[in-house]
Amino acid sequence: MRIVMASAEVSPFSKTGGLGDVAGSLPKHLRELGHEVIVITPRYSVVRENASCLSDMAGLRRTAIDFSIPVGKRMMPGALQRSQLPGSDVPVYFVENKHYFDRDGLYGTGGGHDNDYADNAERFIFFTRAVLEACRKLDFAPDVIHCNDWQTGLLPVYIRTTYGNMPEFANTASVFTIHNLVYQGNFWHWDMKLTGLDWYLFNWRHLEYFGNLNFMKGGIVFADVVSTVSKQYAKEIQSEEYGAGLNEILSDRSDDLFGIINGVDYSIWSPETDEHIAARYGPDDLSGKAECKAALQQAYNLPARDSGGPQKHGAPLIGIVSRLDKQKGFDIIADAIEGIMALDLQIVLLGTGDPQYHALFENLAERHPGKLGVNLTFDNALAHQIEAGADMFLMPSRYEPCGLNQLYSLKYGTVPIVRATGGLADTIIDATPDAIEGGTATGFSFEDYTPAELLATVRRAVETYSHRDVWARLVRHCMAQDWSWSRSANEYVDLYHVARSNVSRRRLAMP
């Protein structure tokens, strides 16, 4: 198949979250399966700097391709630059427009979705149409265009309307993947004029959402197949609690709604090859993990803790690498933290986010020297060191479409403690006595989103840790899990075939 991966961010060139990881990894594995894949993404300011740091790359190269895109009544110029995904021959085409993309942040002044740019509707209308124009200029007639999140939500709309009669897209299927339903691209209704689409589509069945233009809704309604990043999340977003106002639309598409867990790039995340950690190790020899723990404790100025006793092997070290936000469970962490700190354990935290949680953990670190280490920043190398050096990884999310840190933790033998939601529910099997004995346990989980349940689950993990043989068996079973991209890529290929089979059926009539 000929596949276009359209994404607003692609690691290692640009990234604010899991979307960048997916768009930077999945295409390589699709290529290994024999498919012809190209990636199209904006050429942000940060892309130039990141591309120049890649040793196996020739950097960005200008192509001879340029085009003009109608945005409202204006014609906006665009051009393509080219590079490729590291370690592969998958080409990445960067849509260039200095007015729209030469800015400090991808979506706003906060880097992620914080303080979004006021013209984001216009920026991503331009990008969406540029994807289709790039395909035409490259003479690349795609079998499938894989669209990702709200920034590409209008692509399925254009494929079935404005571009639907063009020969390049006559048989093109669209797959629309929701990485996080909360961010929807919800704009005022007059931005509809910028799309060039017929105002007929601005109605409650198609693009209108409580009087606004909703890009995410467009992708859900018009795509041949809709997917999200875990089976459990695909179920959850059809409910009022998790549907972010789009649950009824998603329920209407339930027959064409699928969940596929994101994969992990084990060439980057593996304790056997990781260049960021103090010692390499694997499931057959865990001695290096003890060295990594000692190095992590030293990095956070925490002393080695040994509880003594014939069955004890030191106090457990819990790692947290996260955005400090309610979505990630920090409201219940805040309410349970005094009870957690009373246990015989240590905690290291890495991340940034809500100022109230910054203040909370800075205060806790002062009150609990030797037990809590805090680093309120972003540090990729330190994130690897926490995965390798911690005994447990805490991830009690309110909701979690997929989650990647729990998958990294499994590979590093760092037992996850999670709330059973979304991808966390799909990947972590609770360590009940029967599950441990049967060799199926992969972590500790709880369902009720309460501080009491969180504390009880941490307490249960600490108790299990005190039994050396039981814990070693649990660690090795965690490390035996395979969440590589190879399994996920095959699932996406199956999904692309479903989407292509839907093309003729769904094009017979407007949704």
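The table that follows gives values for the structure above.
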read-out: Crossing angle, helix 451-465 versus the chain [Cα axis fit, 0-90 degrees, rounded to tens]; value: 60 degrees
read-out: Folded to 0 to 90 degrees: helix 468-479 orientation relative to the chain principal axis, Cα; value: 10 degrees
read-out: Ellipticity estimate at 222 nm from DSSP helix runs (n ≥ 4, -39,500 (n - 2.57)) divided over the chain, nearest 500; value: -11000 deg cm²/dmol
read-out: Rounded to whole Å, sorted largest first: equivalent-ellipsoid semi-axes of segment 399-511, Cα gyration tensor; value: 36, 18, 10
read-out: Segments 344-357, 119-132 sorted - mean Cβ within 10 Å per residue, highest first; value: 119-132, 344-357
read-out: Highest average packing first - 254-262, 315-323, Cβ atoms within 10 Å; value: 315-323, 254-262
read-out: Shape category assigned to segment 260-360 from the gyration tensor of Cα positions, a/c cut at 1.5; value: oblate
read-out: Translational diffusion of segment 157-241, µm² s⁻¹ [Kirkwood Rh, Cα pairs; Stokes-Einstein; 20 °C; 1.002 mPa s]; value: 153 µm²/s
read-out: Alpha-carbon centroid distance for the pair segment 416-478 / segment 4-53, whole angstrom; value: 34 Å
read-out: HN-Hα J in Hz across segment 265-275 - Karplus 6.51, -1.76, 1.60, θ = phi - 60°, x for Gly and Pro; value: 8, 6, 6, 9, 10, 7, x, 7, 10, 5, 7
read-out: Shape of segment 287-482, Cα gyration tensor, a/c cut at 1.5; value: rounded
read-out: Tensor-based shape of the chain (alpha-carbon gyration tensor, a/c under 1.5 rounded, otherwise prolate or oblate); value: prolate
read-out: Set Lys217/Lys411; Lys15/Lys326; Lys15/Lys411; Lys193/Lys217; Lys235/Lys326; Lys231/Lys326 screened for pairs whose C-alpha atoms are more than 25 Å apart; value: Lys217/Lys411
read-out: Principal axis dimensions, segment 252-305 - Cα atoms, whole angstrom, descending; value: 55, 24, 18
read-out: Degrees, to the nearest 10: 287-299 long Cα axis against longest axis of the chain; value: 80 degrees
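Values in this text are rule-based calculations from the coordinates and carry no lab data. None of the values given here were measured: they were computed from a predicted structure. Note: ideal-geometry Cβ built from the backbone for every residue, glycine included; neighbour counts use all protein chains shown.
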